[in-house]
Amino acid sequence: MIALSLAEIAEIVGGQSYDIPDPAALVTGPVVIDSREVKTGSLFAAFAGEHVDGHDYAVRAVEAGATAVLAARPVGVPAIVVADVQSALGALARAVVERLGTDVVALTGSAGKTSTKDLIAQVLQHHAPTVWTPGSLNNEIGLPLTALRAGDDTRHLVLEMGARGIGHIRYLTGLTPPRIGLVLNVGTAHIGEFGGREQIAQAKGELVESLPPADQGGVAVLNADDPLVRAMASRTRARVTLFGESDEAAVRAENVRLTANGQPSFKLHTPTGCSDVTLRLYGEHHVSNALAAAAVAHELGMPVEEIATALSEAGTLSRWRMEVTERSDGVTIVNDAYNANPESMRAALRALAAMGRAAQAQGGRTWAVLGRMAELGDASLVEHDAVGRLAVRLNVSKLVAVGDREASWLQLGAYNEGSWGEESVHVSDARAAIDLLRSELRPGDVVLVKASRSVGLEQVALALLDSESEVSGR
């Protein structure tokens, strides 16, 4: 964060100073909401949560080096007291971003946001100092915290924006107004909350509505292959550029193929030239993510050769998203357990099938360890049934459906598609899945683990990796 005095911060957020001996004291460190993350010069924002009240940790934060606390009430240590801490945090973020004048890139979509954000960040970092959203901290608290990490040398600020309803993205863009807005897709994630794909499109399109007009540098980067996204061109004053497989896309891929390991390779086409790309990521769905990243980088002035090099070097920055680890015994674990929706589940299964072709040629098998996809509303039964059926169509060797009702729908879909005998199995919980896999895995097998975050299936992947450590004595 840029250095600001407590007096400046109080003026920006409209707060009152309490127990501050020196209003000129500077906040030079990060703004944090966890007292354990305080560094010398930090500003500690005290949020009152459902189970923990940050105000109770104000003294600890200052003792650890925080210059002051942003709080809703006096706390007995230097504090700027405001009516609403969340609103004050947003106001501070907006003031800092405006003062820096950095290029803000915002992105949203139903699937692939975090993977694409990580790609954009790594590509732009080749070009100039870049700050980006860590993990999926894409809400009204995580976004300003990310923006406040920007410093005097930050050229690019890449912000992932999530939404659970109409107006959410409009609020986020008000905190950190973007110059470039990217919309990846409109799918069925959270469809139970929104009420339909058209409502999701309405919410996601708030991003392009927030962009400045074309003559002020505004650019909307839209997926040419998603009709609901492409239609957003009519909702923006910004210049529109398209990415995708369509011939009308300014940034597109040709000769897409998968390596023996399931990693995509293609020729990247941009308005200024072409270059070859081979991703380190797994699954053909990452081609679209890479094209989105390339389109943003092109708009920010990167030459195509540099974009291609950066894409080919980029890896996974956020945990539990297609994390691929090969054990010493030849078993490959694919931990994609951070979250799941129908689109990402299908993409992960196709990636598993691609990775498994070489393994199956050597006698290995593919395992899909899947749990429920949350927040699908009335579409839940149909979508879980469809995923179970797809696992069979992709010739996945064994489906392990983990959990209660939705898991039974996964298993039933596989059964109705022709999965007989022990090709699909329904187990009660993660512990049962771990026991099953530990007893049956053999060298050369590839295991995909995926479900919505609330299921906690990452413990299956972690246990399978830990079991190797136990065997080898590490």
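The values are calculated or read from the model by the stated rules, or taken from the named source; none is laboratory data. Note that this is a predicted model, so its numbers are computed, not measured. When we count neighbours, we look across all protein chains shown, and the Cβ atoms used for this are built from the backbone with ideal geometry, even at glycine. What goes into the accessible areas is simple: the full protein's heavy atoms, side chains included, and nothing from ligands, DNA or RNA. Shrake-Rupley method; radii C 1.70, N 1.55, O 1.52, S 1.80 Å.
Quick look at the numbers
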item: The stretch 28-53: number of residues that are more than 15 Å from LEU145 (Cα to Cα), outside any strand (DSSP E or B), open to solvent by 10 Å² or more (accessible area, probe 1.4 Å) and not charged (D, E, K, R); result: 4
item: Test set (1) open to solvent by less than 10 Å² (accessible area, probe 1.4 Å); (2) in contact with an Asp or Glu (Cβ under 7 Å, 6 or more places away or on another chain) - VAL77 fails condition number; result: (1)
item: Criterion: under 23 Å from ARG327 (Cβ atoms), touching a residue at least 40 places away in the same chain (Cβ under 8 Å), in a helix (DSSP H, G or I) and not hydrophobic (A, V, I, L, M, F, W, C) - qualifying residue of GLY356, GLY364; result: GLY356
item: Tally of residues being open to solvent by 50 Å² or more (accessible area, probe 1.4 Å), in a helix (DSSP H, G or I) and not small (Gly, Ala, Ser) across the stretch 434-468; result: 7
item: Condition met for LEU222 (open to solvent by less than 20 Å² (accessible area, probe 1.4 Å), at pLDDT 95 or above and not acidic (Asp, Glu)); result: yes
item: In the stretch 315-336, the residues that are closer than 19 Å to ALA354 by Cβ and surrounded by 16 or more Cβ atoms within 10 Å (Cβ to Cβ); result: THR316, ARG321, MET322, GLU323, VAL324, VAL331, THR332, ILE333, VAL334, ASN335, ASP336
item: Conditions (1) of a type in the set (S, T, N, Q); (2) in contact with an Asp or Glu (Cβ under 8 Å, 6 or more places away or on another chain); (3) farther than 30 Å from ALA294 by Cβ; (4) not in a helix (DSSP H, G or I): number failed by ASN138; result: (3)
item: Flag if LEU159 is out of contact with any Gly (no Cβ under 8 Å at 6 or more places or on another chain), surrounded by fewer than 23 Cβ atoms within 10 Å (Cβ to Cβ), closer than 29 Å to ILE191 by Cα and touching a residue at least 40 places away in the same chain (Cβ under 8 Å); result: no
item: Residue that is more than 20 Å from LEU172 (Cα to Cα) and aliphatic (A, V, I, L, M), where the choices are VAL69, VAL97, VAL32, VAL85; result: VAL69
item: Failed condition for LEU370, given (1) under 26 Å from ARG319 (Cα atoms); (2) open to solvent by less than 10 Å² (accessible area, probe 1.4 Å); (3) touching a Ser or Thr at 6+ places or on another chain (Cβ under 9 Å); result: (3)
item: Residues (in a loop (DSSP other than H, G, I, E, B), more than 20 Å from GLU375 (Cβ to Cβ) and hydrophobic (A, V, I, L, M, F, W, C)) located in the stretch 142-172; result: LEU148, ALA150
item: Residues of the stretch 103-112 satisfying the condition of being open to solvent by less than 40 Å² (accessible area, probe 1.4 Å) and at pLDDT 95 or above; result: VAL104, VAL105, ALA106, LEU107, THR108, GLY109
item: Residue within the stretch 235-242 that is crowded, with 24+ Cβ neighbours inside 10 Å and under 22 Å from the mean Cα position of the chain (by Cα) present; result: no
item: Filtered residues of the stretch 94-141 (kept if among the acidic types (Asp, Glu) and under 21 Å from ALA314 (Cα atoms)); result: ASP118
item: Test set (1) in a strand (DSSP E or B); (2) open to solvent by 40 Å² or more (accessible area, probe 1.4 Å) - ARG350 fails condition number; result: (1)
item: Residue list for the stretch 80-102, restricted to those being in a loop (DSSP other than H, G, I, E, B) and crowded, with 20+ Cβ neighbours inside 10 Å; result: VAL82, THR102
item: Residues located in the stretch 307-316, provided they are closer than 18 Å to PHE243 by Cα and either over 22 Å from the mean Cα position of the chain (by Cα) or not small (Gly, Ala, Ser) (or both); result: ILE307, LEU311
item: Identity of the residue in the stretch 386-433, of a type outside the set (D, E, K, R) and in a strand (DSSP E or B), that ends up surrounded by the fewest Cβ atoms within 10 Å (Cβ to Cβ); result: VAL425
